[in-house]
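The values are calculated or read from the model by the stated rules, or taken from the named source; none is laboratory data. Nothing here was measured: the structure is a model prediction, and the numbers come from that model. For neighbour counting, all protein chains shown are included, and Cβ atoms are generated from backbone atoms with ideal geometry for every residue, glycine included. For the accessible areas, the whole protein counts, side chains as well, though only heavy atoms, and no ligand, DNA or RNA atoms are used. Shrake-Rupley method; radii C 1.70, N 1.55, O 1.52, S 1.80 Å.
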Amino acid sequence: MSSHREAPEISKDPVADSTDVYAFVSPENPDTVTLIANYIPLQGPAGGPNFYSFGDDVLYEIHVDNNGDGKPDISFQFQFQTKIADPATFLYNTGPILSLDSPNWNNRQFYQVATYKNGQYQQIASGLACPPCNIGPLSTPHYDRLAAEAVHDIPGGIKVFAGQRAEGFYVDLGAIFDLGDLRPFEQLHAQYGLGAFAKAAPGVNATAHLNVHSIAIQVPKSLLLWGSPHGKETDQGSVIGVWTTASRQQVQLWDVQTSEHVNSGPFYQVSRLGNPLVNEVLIPLGQKDIWNTETPCGDKRFASYVANPELAGLLPALYPGVFPNLAKLVAAGTARADLEAILLTGIPSGIVAGFQNYTGPVLADMLRLNTAIPPSKKPSELGILGGDLAGFPNGRRVFDDVVSIELRAIAGATVPLVDPSYKPDAAAGLVTDGLTDSSVPSGYLDKFPYLGVPYSGFSTPN
């Protein structure tokens, strides 16, 4: 999955687990950029009586680099506080929740927003209300209205939202981690000889009808871009790098007198996410926890895993005869300059006609967005591979099919960008986990905060 339970330690700490990050020019307000960071993976909607919430003891941040050094030039910080109205009841709510200040809502969460820029911390809003989780028709009968109330306009021309949303990322998780099974090709799998598969099969969306907790912020471009020339698609200064982190304080003690955790000391990073699937698929098991604690500027130490991805060697082995050209490329030990460009530096001018999102020579895993490229009038879920320059890997929109895009890239479809003599295998441009329009989410919104209304526990039991 994009970054759900992707490392051993963070899989034990879901409230701090960064699952997906998105960055795109806002379709309804193209003078702004929308940044979305999701946390708390695989939420079954029927999660009561203790419904999901952000961690009061976690520092959540969305970072933006605008000069290509892999270090944050501005960070948006979010911290949460839970307030219980009546500790004598076990109930999350004692009646219908019809507004964010409903007296029936017993377990509420609020948050503050701050910026950290040039070494200066500035709180810009506090006491902002999250919406409740989507419980069901009796408890949250007009959930879309509650969610709309939770979109806050704050100083600086900024919109923010923090709360539960429908999971927008889609993947056939069950098949992929069953020895790399891709259901549309599974009759060609090396294990076919064991009688596992008789024919190809459609994909199964493992994240269907699950929820996440989302932090979304819509920011004027002017707040993100300064210094280098910017405003044109060809300007390197128009490109930003985006990643998200979660941090905890260094000391946590359990107070037996109050039955509460006591936290102290500076915050240290326990989770991060830039490009989808990097830590999940490219970073080896023994390095995953370390990767989560690092800043992108230090990613040179992990670059070999991008340049020589393990999965590229597995595909020809798992699907004999399907990827012969990829097998030769892997056997030759050729470093994948195409993947390094896509994931670690951005794509320079002259590679894809009319496009660049290059941030410079520093190898850093960041989601790179050319803010001067307008939203697409005819978006393709395959992004740049589908001829849509406003899609992944130019940032990432909520509906982009990042699994298919990255599978095709690893399979060799993007090698000709750096080596025109290379001929990709026919399967490289077709490989997918098999999810179609009928099996991916359909509830995306066309305006902020873009991810759809979360599934209710009443109508969607886990």
- Query: What tally of residues in the stretch 267-286 results from selecting those that are open to solvent by less than 20 Å² (accessible area, probe 1.4 Å) and closer than 17 Å to Phe78 by Cβ?
  - Reply: 3
- Message: So if I check each of Pro379, Pro420, Pro393, Pro424, which one is open to solvent by 30 Å² or more (accessible area, probe 1.4 Å), in a loop (DSSP other than H, G, I, E, B) and closer than 24 Å to Val242 by Cβ?
- Response: Pro379
- Query: Yes or no: Leu435 more than 22 Å from Leu182 (Cα to Cα), touching a residue at least 40 places away in the same chain (Cβ under 8 Å) and out of contact with any strand residue (DSSP E or B) (no Cβ under 8 Å at 6 or more places or on another chain)?
  - Reply: no
- Task: Give me the pairs, please: first residue somewhere in the stretch 245-261 and under 30 Å from Ile36 (Cα atoms), second residue anywhere and acidic (Asp, Glu) and assigned to a strand (DSSP E or B), beta-carbon distance under 8 Å, and either six or more positions apart or on two chains.
- Result: Thr245/Glu61; Ala246/Glu61; Ser247/Glu61; His261/Asp255
- Message: Filter the stretch 216-236 down to the residues that are assigned to a strand (DSSP E or B) and either free of Cβ contacts under 8 Å to residues at least 60 places away in the same chain or surrounded by fewer than 22 Cβ atoms within 10 Å (Cβ to Cβ) (or both) and list them by number.
- Response: Pro220
- Any pair with Cβ under 6 angstrom, 6 or more apart, that starts in the stretch 403-426 at a residue that is closer than 18 Å to Arg183 by Cα and ends at one that is in a helix (DSSP H, G or I) and open to solvent by 30 Å² or more (accessible area, probe 1.4 Å): Ile405/Leu385; Ile410/Leu311
- Task: Go through the stretch 118-146 and give me each residue that's open to solvent by 10 Å² or more (accessible area, probe 1.4 Å), touching a Pro at 6+ places or on another chain (Cβ under 7 Å) and either touching a residue at least 40 places away in the same chain (Cβ under 8 Å) or outside any strand (DSSP E or B) (or both).
- Result: Asn134, Leu138, Ser139, Pro141
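Would you mind finding the one in His213, His209 that is part of a loop (DSSP other than H, G, I, E, B) and either touching a residue at least 40 places away in the same chain (Cβ under 8 Å) or open to solvent by less than 20 Å² (accessible area, probe 1.4 Å) (or both)?
Values: His213 fails: part of a loop (DSSP other than H, G, I, E, B).
So the residue among His213, His209 that is part of a loop (DSSP other than H, G, I, E, B) and either touching a residue at least 40 places away in the same chain (Cβ under 8 Å) or open to solvent by less than 20 Å² (accessible area, probe 1.4 Å) (or both) is His209.
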- Here are Val239, Val330, Val306: which of them is more than 21 Å from Gly70 (Cβ to Cβ), over 17 Å from the mean Cα position of the chain (by Cα), surrounded by 19 or more Cβ atoms within 10 Å (Cβ to Cβ) and at pLDDT 95 or above? Val330
- What number goes with the only condition from (1) closer than 30 Å to Asp56 by Cβ; (2) open to solvent by less than 50 Å² (accessible area, probe 1.4 Å); (3) in contact with a Ser or Thr (Cβ under 8 Å, 6 or more places away or on another chain) that Leu182 does not pass? (1)
- Of those in the stretch 396-417 that are under 17 Å from the mean Cα position of the chain (by Cα), of a type in the set (A, V, I, L, M, F, W, C) and part of a helix (DSSP H, G or I), the residue farthest from Leu315 (Cα to Cα) is Val402
- Message: On the basis of being open to solvent by less than 40 Å² (accessible area, probe 1.4 Å), at pLDDT 95 or above and out of contact with any Asp or Glu (no Cβ under 8 Å at 6 or more places or on another chain), does Phe161 make the cut?
- Response: yes
- Query: Residues of the stretch 208-229 being within 14 Å of the chain's Cα centre (by Cα) and among the basic types (Lys, Arg), which ones?
  - Reply: none
- Counting just the residues of the stretch 149-158 that are surrounded by fewer than 17 Cβ atoms within 10 Å (Cβ to Cβ) and in contact with a helix residue (DSSP H, G or I) (Cβ under 9 Å, 6 or more places away or on another chain), which one comes out farthest from Ile124 (Cα to Cα)? Gly157
- Quickly run through the stretch 159-188 and pick out the residues that are of a type in the set (Gly, Ala, Ser) and outside any strand (DSSP E or B). Gly168, Gly174, Ala175, Gly180
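Residue under question is Gly156, and the condition is that it be more than 19 Å from Val25 (Cα to Cα), more than 21 Å from the chain's Cα centre (by Cα) and part of a loop (DSSP other than H, G, I, E, B); does it hold?
Taking the combined requirement at face value, the residue does not satisfy it.
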